[in-house]
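Visitor: This is the structure, below, for whatever I ask next.
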Protein chains: 2
Amino acid sequence: MMDLGLLMLQDMEKERETLQVWKKRVEQELDRVIAFWMEHSHDQEHGGFFTCLGRDGKVYDHLKYVWLQGRQVWMYCRLYRSFERFRRVELLDAARAGGEFLLRYARVAPPGKKCAFVLTRDGRPVKVQRTIFSECFYTMAMNELWKVTGEMRYQSEAMEMMDQIIHWVREDPAGLGRPQLSGTLATEPMAVPMMLLSLVEQLGEEDEELTNKYAELGDWCVHRILQHVQRDGQVVLENVSEDGKELAGCLGRHQNPGHTLEAGWFLLQYALRKGDPKLRMHIIDKFLLLPFHSGWDPEHGGLFYFQDADGLCPTQLEWNMKLWWPHSEAMIAFLMGYSVSGDPALLHLFYQVAEYTFRQFRDPEHGEWFGYLNQEGKVALTIKGGPFKGCFHVPRCLAMCEQILGALLQRLGPAPLGSSPAVSTHEGSK
Amino acid sequence: MMDLGLLMLQDMEKERETLQVWKKRVEQELDRVIAFWMEHSHDQEHGGFFTCLGRDGKVYDHLKYVWLQGRQVWMYCRLYRSFERFRRVELLDAARAGGEFLLRYARVAPPGKKCAFVLTRDGRPVKVQRTIFSECFYTMAMNELWKVTGEMRYQSEAMEMMDQIIHWVREDPAGLGRPQLSGTLATEPMAVPMMLLSLVEQLGEEDEELTNKYAELGDWCVHRILQHVQRDGQVVLENVSEDGKELAGCLGRHQNPGHTLEAGWFLLQYALRKGDPKLRMHIIDKFLLLPFHSGWDPEHGGLFYFQDADGLCPTQLEWNMKLWWPHSEAMIAFLMGYSVSGDPALLHLFYQVAEYTFRQFRDPEHGEWFGYLNQEGKVALTIKGGPFKGCFHVPRCLAMCEQILGALLQRLGPAPLGSSPAVSTHEGSK
């Protein structure tokens, strides 16, 4: 019989090797992905970013989607300040140019705060959504720009916009322009408290004053997100009434497993900050394991885009497609879940999702990821960017996974002398 | 060598037999389809129709979509007055109850004319679209109700709503509530003049006074639809500028083959009424053959939902799906095209589309048709009705094909004595 200590040591070595392989893999993939956006998406003439990019990066439409402008500014700044190798002047310059484009053009009728959803290449508004999301990504962009440059005007913009968003959500949505109709219930899409919670984390990061300022808001967001757990904890529903009741019909039964997983890691960050292990277990159970077990396609692999809580057929044509972002969010959620709980089942789910994701979505030929596969995993849309896919979910996932994997490896301590992780052999096999 | 006259006679016999088979097939299918809606969709309590019906007809959502309410009223009345076997009191009663439901609840803020897009089961507005389509289907319903019942209040409603629609389209769209934005071009979706042209045909049917009243409007619609033929006649584009120029980007390159085919038969009816053979040939060329040749999937059969005029990847997730309605519209278009031109190539296209359609969309088990297949022809959504699929495209197609096939057979004259068309053997094989 082998020595138990030796066995454990061997297991640890095996785990270290696999983590090492994945760390290297996401690191290199992040470099490739950022290279793709730097090469193809910068509008040198007007500032801001092209996001409608074909398989090879060619621009197929010059429209500028405000969500994606804000997200790319945020992503560039975040990489610039978190990774030594991305502290590059081209990244910062492009982020600044994107920020200036937003400052100049995003708002439809300044000094009003309402932002457009999409702008022409030179910044004229084309469409306005009656939601808060353009404004949220605007706020994220401005706050990161401030964090990187130290320029107060960016932070003032972020704070003013944040006040406006909170007013719309918690006091009076009239400014969003949605008509009040007698048949419309006060519905809460989970996206709203999720988005606000991520802003609370964003603005409060390493800032005690703002952490305190938004503490009550953060608690409120978490309370509202948790209300989406319904039917005695058996399902997470995308839409509930404002007082946390299930709604009638398709709207009420609508499920979005990727969104639930994304909410999962937003909530985990919050629970971690609060030091609340009971909440942490609840989140892992309801926002990580539940959507995975209901949402993973047993036949072809991958997460369904939409589901119906009663198992009926959803009415959205794309319900059975496999989209890139639920998979990036699942990678973050399971790796973070493992990191905070140490439960090896979560690490294995990370591997399962990551293997599928790297195999099906990555484009080894032209870089970046495909966004839209059919149920069987075949590429349905060859575009690399579009109205809803920009430089955001993929690099955010890769960057966060690189960081978490790095921290996990550090926790394991240095590799014993003489051991050589199988990185170089596994690598590039995908 | 055989006698040429005999050969022609044999060909004619063969054609008669095939037409006969298809006439019987669409006739029986129409009966089954109407039976499905009569059994499952009538709301006995509030009037109007449930259209969110699962594969077996079970109601999965009680919402009432105004387009589909108007369309089902129209369809029931049209069948009632055009087919002896549908002159049934249950159909008329349900149509009346649907009409009363619309009269009472469709308008969001009476006496304003703007109609809701969707209502609760008991008629409270849930959503309003900033387009003219709810109002157009409302008008179609009211006009047919008048034609069937002779009650003037229905016709007054139709005429008043028609005035309002014309005002929105040709004078001032402000009442639709669309914001004026500096980046938005004055875009014309082909749906608008198409819809208006179909109303002109509807209201003017067997009514000389209204035919004259709307003659100029009909000409205007046709002029506007023809402006969507672009690039020297090589493509039909779904959106062009109001003065008939191609628009930039995805919006400008967007193609919808099924919609073009539907426009095709609307235009053919107009050309027939006008007795304009040159226009007829142009329509067959550009609105029937062009979308079929670009839109038919050479690999799996069926018409793509959306395409990009430059052959780029569309950004709509459902672009490569096969939907029921483009196929029903194609059946009408090719059969009507054959009927007006006598070109056997068009008859063969009808057969090709009809074979695919009956094979892939029909549900022999529970009745009605599936609406949404993936590219390979597999059922992607099992619903029989939903927010956009009601009692309309399928029965309209079947009823019109039955009528056209009947007329074609009559033109061929009576079958020679002793010949027995192979109807009974071919039948039911699908």
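The values are calculated or read from the model by the stated rules, or taken from the named source; none is laboratory data. Keep in mind that this is a model prediction, so the values were computed, not measured. Glycine also receives a Cβ, built like all others from the backbone with ideal geometry; neighbour counts cover every protein chain displayed. Only protein heavy atoms, including side chains, enter the accessible area calculation; ligands, DNA and RNA are left aside. Shrake-Rupley method; radii C 1.70, N 1.55, O 1.52, S 1.80 Å.
Visitor: Can you tell me the Rg and Dmax of segment A:202-307, counting just the alpha carbons, in angstroms?
Guide: Cα only, segment A:202-307: 15.0, 50 Å (Rg, Dmax).
Visitor: Roughly how many debye, to the nearest 20, is the charge dipole of segment A:259-359 about its Cα centre, given +1 on each Lys and Arg Cβ, -1 on each Asp and Glu Cβ, and no other charges?
Guide: 440 debye
Visitor: Could I ask something else about it? Give the average over all directions of the projected area of the C-alpha convex hull of segment B:188-382, one decimal, in nm².
Guide: 11.7 nm²
Visitor: While we're looking at this one, here's another question. Taking each residue of B:268-278 in turn, how many C-beta atoms of other protein chains fall within 10 Å of its C-beta, and what is the average?
Guide: That average works out to 0.
Visitor: Carbon-plus-sulfur fraction of the accessible area of segment A:185-382, 1.4 Å probe, in percent?
Guide: 52 percent
Visitor: While we're here: In percent, what relative contact order does chain A have, based on Cα pairs under 8 Å that are 6 or more apart in sequence?
Guide: Worked out over chain A, it gives 19 percent.
Visitor: In peptide A:125-131, what is the residue-averaged number of other protein chain Cβ atoms found within 10 Å of each Cβ?
Guide: The shielding value for this peptide is 3.
Visitor: What are the radius of gyration and Dmax of chain A, computed over its Cα atoms and given in Å?
Guide: 21.6, 76
Visitor: Tell me: how much accessible area in total is hidden between A and B, 1.4 Å probe, Å², nearest 100?
Guide: 2800 Å²
Visitor: Please name which of B:Leu197, B:Tyr356, B:Gly244 has its Cα lying farthest along the dipole of segment B:188-382 towards the positive end, using unit charges on Cβ (Lys, Arg +1; Asp, Glu -1) and the Cα centre as origin.
Guide: The residue sitting farthest along the positive end of the dipole is B:Tyr356.
Visitor: State which entries of B:Lys24/B:Lys147; A:Lys58/B:Lys245; A:Lys58/A:Lys322; B:Lys114/B:Lys322 exceed 26 angstrom in Cα-Cα distance in the structure shown.
Guide: Correct reply: B:Lys24/B:Lys147; B:Lys114/B:Lys322.
Visitor: Follow-up. In whole percent, what relative contact order does segment A:55-194 give with Cα contacts below 8 Å and a gap of six or more residues?
Guide: 24 percent
Visitor: Let me know the whole percent of all Cα-Cα pairs from segment A:253-333 that are separated by more than 20 Å.
Guide: Cα-Cα pairs in segment A:253-333 separated by more than 20 Å: 32 percent.
Visitor: About its Cα centre, how strong a charge dipole does chain B have in debye, to the nearest 20, once Lys and Arg get +1 and Asp and Glu get -1 at the Cβ?
Guide: About 720 debye.
Visitor: Also: If you project the alpha carbons of segment A:45-116 onto their three principal axes, what span does each projection cover, largest first, in Å?
Guide: Over segment A:45-116, Cα extents along the principal axes are 39, 29, 20 Å.
Visitor: Pop out a list of residues from segment A:49-85 that are at least 50 Å² less accessible with all the protein chains around than in their chain alone; 1.4 Å probe, no ligands or nucleic acids counted.
Guide: Listed in order, they are A:Tyr60.
Visitor: Would you mind listing how long the protein assembly as shown runs along its three principal axes, going by Cα atoms, in whole Å with the largest first?
Guide: 99, 65, 54
Visitor: Simple spin-label model, 7 Å along Cα-to-Cβ: A:Asp285 to B:Val379 in nm?
Guide: 3.8 nm
Visitor: Related question: Would you mind getting the Kirkwood hydrodynamic radius of segment B:43-172 from its Cα pairs, rounded to one decimal in Å?
Guide: By the Kirkwood definition, the hydrodynamic radius is 14.8 Å.
Visitor: Considering only C-alpha atoms, what is the centroid distance from segment A:217-270 to segment A:1-23, in Å?
Guide: 38 Å
Visitor: Give me P(r) over segment B:1-45, computed from all C-alpha to C-alpha distances, binned every 10 Å, as integer percentages.
Guide: For segment B:1-45, the binned pair fractions read 23, 25, 19, 15, 11, 6, 1, 0 percent.
Visitor: On to the next question. For peptide A:245-253, compute the average count of partner chain beta-carbon atoms within 10 Å of each residue's beta-carbon.
Guide: 3
Visitor: A further question follows. Please list the radius of gyration and Dmax for segment B:280-425, considering alpha-carbon atoms only, with Å as the unit.
Guide: 16.7, 58
Visitor: Something else now. Per residue of segment B:82-90, what does 6.51 cos²θ - 1.76 cosθ + 1.60 with θ = phi - 60° give for ³J(HN,Hα)? Whole Hz please, x for Gly and Pro, Karplus curve as stated.
Guide: 9, 10, 3, 6, 9, 6, 10, 4, 5
Visitor: Under a point-charge model restricted to the Cβ atoms of Lys and Arg (+1) and Asp and Glu (-1), what is the dipole moment magnitude of segment B:188-382 relative to its Cα centre, in debye to the nearest 20?
Guide: That gives segment B:188-382 a dipole magnitude of about 380 debye.
Visitor: Moving on. Indicate the gyration tensor shape class of segment B:115-227 (rounded, prolate or oblate), computed on the Cα atoms with a ≥ b ≥ c the square roots of the eigenvalues: a/c under 1.5 is rounded; otherwise a/b larger than b/c is prolate and the rest oblate.
Guide: Oblate, since a/c reaches 1.5 and b/c is not below a/b.
Visitor: What number comes out for accessible area per residue over chain A if the probe is 1.4 Å? Units Å², please.
Guide: 40 Å²
Visitor: Residues of segment A:320-355 with backbone nitrogen within less than 12 Å of a virtual label 7 Å along the Cα-to-Cβ line of A:Leu7, please, listed as ranges.
Guide: Inside the label zone: nothing.
Visitor: Any idea how far apart A:Ala415 and A:Asp363 come out in nm if each label point goes 7 Å out from Cα toward Cβ?
Guide: The modelled label-to-label distance comes out at 3.3 nm.
Visitor: Further, regarding this structure: For chain B, what is the mean residue ellipticity at 222 nm derived from helices alone (per DSSP H run of n ≥ 4: -39500 (n - 2.57); sum divided by total residues; nearest 500 deg cm²/dmol)?
Guide: Helix-only estimate at 222 nm: -17500 deg cm²/dmol.
Visitor: Which percent of Cα pairs goes in each bin when the distances of segment B:204-251 are cut into 5 angstrom slices starting at zero?
Guide: Bin by bin from 0 Å, the calculated values are 5, 20, 21, 17, 10, 10, 11, 5, 1.
Visitor: For segment A:362-405, what D do you get in µm² per second when you plug the Kirkwood radius from alpha-carbon pairs into Stokes-Einstein at 10 °C and 1.306 mPa s?
Guide: D, rounded to a whole number, is 137 µm²/s.
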